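The values are calculated or read from the model by the stated rules, or taken from the named source; none is laboratory data. Remember, it's a predicted structure, so these values are computed and weren't measured experimentally. Note: ideal-geometry Cβ built from the backbone for every residue, glycine included; neighbour counts use all protein chains shown.
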Amino acid sequence: MPHSPQEAPSNSTCCLHFHRLLNYGSLTVLSIATALLFLQTQAISLRLVTQQHEIESLKEQLQSSTEHIEHQVAAQRDLTVVHIAGTFTLLSCLITTFHMTAHLRKMNQPFVQRKILAILWMSPIYGVTSFLCLVLPHSADGYLTILKDFYESYVIYQFLSFLIAVLGRGDREAVIRCLSRHVNHLDRPYRWMRCLFHPAPEESDEAMAKAVLMECQVLGMQFVLLRPVVAVANFVLELMAEGNEADNEDKGRLAFLYSPKFILLMLQNISVFLAFSGLLKFYHAVRDELAWCQPFNKFLTIKGVVFMTFWQGLAISVFFHFNKHDNSDDDSNDNSTIPSANTIQHILICMEMLFFSIAHWCVFPAEEWEDGYKVQFYQGPGFGFKDFASDVSLIIDNGKKSIRARRETKRNGSGDDNGSTSTDLSNGKESPSFGSMDGSSHQMEPELNNTDDRLL
C-alpha cells in the first residue's frame, strides 16, 4: 500500500531526533574522555613535580654531604700539616736549646759567645713564627712577618759584632790596631759619614782604621733600624689595598713601579746593600786573622736562611700566579682543597729550620772557644773504595812476586834465592787496612825444607 502523506514527515522527524541524540552522545563521550585525559595529565604533572622536589632534595643532601666530607678532608689535611710542621719545629728548637746549653756550660769567652747565642735564636724564631702562621688566623701573618724581618736584620749586625769580638777578644783598641796594619788595603770611608769620625781619617793610620770600623758598624746598624720600619709600612699598605684590588687591576701592570710599595722595596734593597758592603769590607780587611774560625761557613749558615726562604717564597708565588687561572670554572672547589702559596712556604720553612739548626751546631761548636782548641777537618762520608782498591793491588803485587819467585826457583834450583825472595815479600807494599809492616814487629820465620812453604 502506498504511504499516506502524514507518515513521511514523522519518519524524517524521527531520523532528525536520532541524529541529534547521536551527536549529543558523541559530544558527551568526547567531553568525558577529554576530562579524563586532563585529569590524567594533571596527575602526571603533579607526580613529576613531586619527583622533581625529591630530586632537588636529594641534590641538596648530596651537596651538603659532599661539602661536609670536603670540610672533614680539609680539616684532616690541616691537622696533618700542623703535625708535620710542629714536629720539625720542635726538633729544631730542641737541637738549638741543647746547643745553647752547651755554650752556657762552656762559657769561656763570654764577649764572643754572647753573640753566638743571639745568632742561634734565628732558627727557632723562623720555625716558631712559620708554625704560628699555620695555626693562627691569616690576620696574624703580618705581625709575625714583622718580627721575623726584624730579627733577620739584627742577626746580620750580630754577626759583624761577632767578627769584631773574635778579632779583638773584647778589646776595641786591639781591633783598631789590627785594621791599622792593613790600612793600605782599606777603602776610604764615605764622605757623608765624616761627621761621625772624631779624629779625621787622614791624620794617622789608627784614625783611618777607627773610621773604617765605625763605618762598618753604622752601615750594619742602619739595616737593623730601617728594616722593621719598612716591614710595618708594607703591612699597613697591604691592609689598605685589600679593599681596592679591583682598582689596582684596572691601573695596569706598570702601576707597581710608581706605587709606595715599590719605593719601600728600593729603600730596603739599598739598606741591604749598604749593610753587606760594610760587612764584606771588614771581612776582606781581616780575613787572614779570622781564617782559623772559618767565618765564611758561619756566614753561609746565617744568610742561607734568608736567601733560601726569600727565593723559595718567590718561586712558589710565581708558580701559583701562572697556574691561578688554569681551572677558572672550579675556583670555588679548588680553594677548599688546594693549599695556598703562603701555607706551602711556611711548611717548608718549618722543615728547613731543622737542617739549619744542625748546620749551626756544626759551624758554631762550643769547644771552639776553649783554650788550646785546634781546628779539626773531617773528611766526607765515603764507602772506603780507595782502601779496598789498595788492598786488592797489594794482593795482586804479592801474587806476581810469588809467581816470579817460583820461576826463579825453577830456573836456578837454589835455596838462597828463595830466602832473598821471601825477604822481599816481607818488605812489600803497606796495606791501608792494617798499616805498615816493619821488621821490628814481624820477624822472619825459620827456614823450612819445602820451597813452597817458605814462599807462603
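Observations
- Taken over the range 166-190, residues that are under 15 Å from Gly278 (Cβ atoms) and surrounded by fewer than 17 Cβ atoms within 10 Å (Cβ to Cβ) amount to 3.
- Criterion (under 30 Å from Phe162 (Cβ atoms) and surrounded by 13 or more Cβ atoms within 10 Å (Cβ to Cβ)) met by exactly one of Thr101, Thr89: Thr89
- Answer from Leu79, Leu37, Leu136 - the residue that is at pLDDT below 85 and either at negative phi or of a type in the set (A, V, I, L, M, F, W, C) (or both): Leu79
- The residues of the range 128-170 that are in contact (Cβ under 8 Å) with a residue 40 or more places away in the chain and in contact with a Ser or Thr (Cβ under 6 Å, 6 or more places away or on another chain) amount to a single one, Phe131.
- Residue in the range 168-183 that is within 27 Å of Ala233 (Cβ to Cβ), assigned to a helix (DSSP H, G or I) and among the hydrophobic types (A, V, I, L, M, F, W, C) present: no
- Going through (1) assigned to a loop (DSSP other than H, G, I, E, B); (2) of a type in the set (D, E, K, R); (3) modelled with pLDDT of 70 or more one by one, Glu368 falls short only on (1).
- Thr89 being at pLDDT 90 or above and in a helix (DSSP H, G or I): yes
- Test: Glu202 is over 26 Å from Val155 (Cβ atoms) and modelled with pLDDT under 90: yes
- Residue match in the range 110-117 (condition: assigned to a helix (DSSP H, G or I) and either exposed (fewer than 11 other Cβ atoms within 10 Å of the Cβ) or of a type in the set (Lys, Arg) (or both)): yes
- Flag not set for Gly127, criterion: assigned to a loop (DSSP other than H, G, I, E, B) and not polar (S, T, N, Q).
- Any chance Glu289 is at pLDDT 80 or above and more than 22 Å from Val155 (Cβ to Cβ): yes
- When Met208, Met214 are checked against the criterion of being touching a residue at least 12 places away in the same chain (Cβ under 8 Å), assigned to a helix (DSSP H, G or I), assigned by TED's automatic domain parsing to the domain that holds Arg77 and in contact with a Pro (Cβ under 6 Å, 6 or more places away or on another chain), a single residue qualifies: Met208.
- Meets criteria (among the charged types (D, E, K, R), assigned to a helix (DSSP H, G or I), within 30 Å of Val229 (Cβ to Cβ) and out of contact with any Gly (no Cβ under 6 Å at 6 or more places or on another chain)) for Lys148: yes
- Test for Tyr143: is it surrounded by fewer than 18 Cβ atoms within 10 Å (Cβ to Cβ) and either in contact with a strand residue (DSSP E or B) (Cβ under 9 Å, 6 or more places away or on another chain) or within 27 Å of Val232 (Cβ to Cβ) (or both): yes
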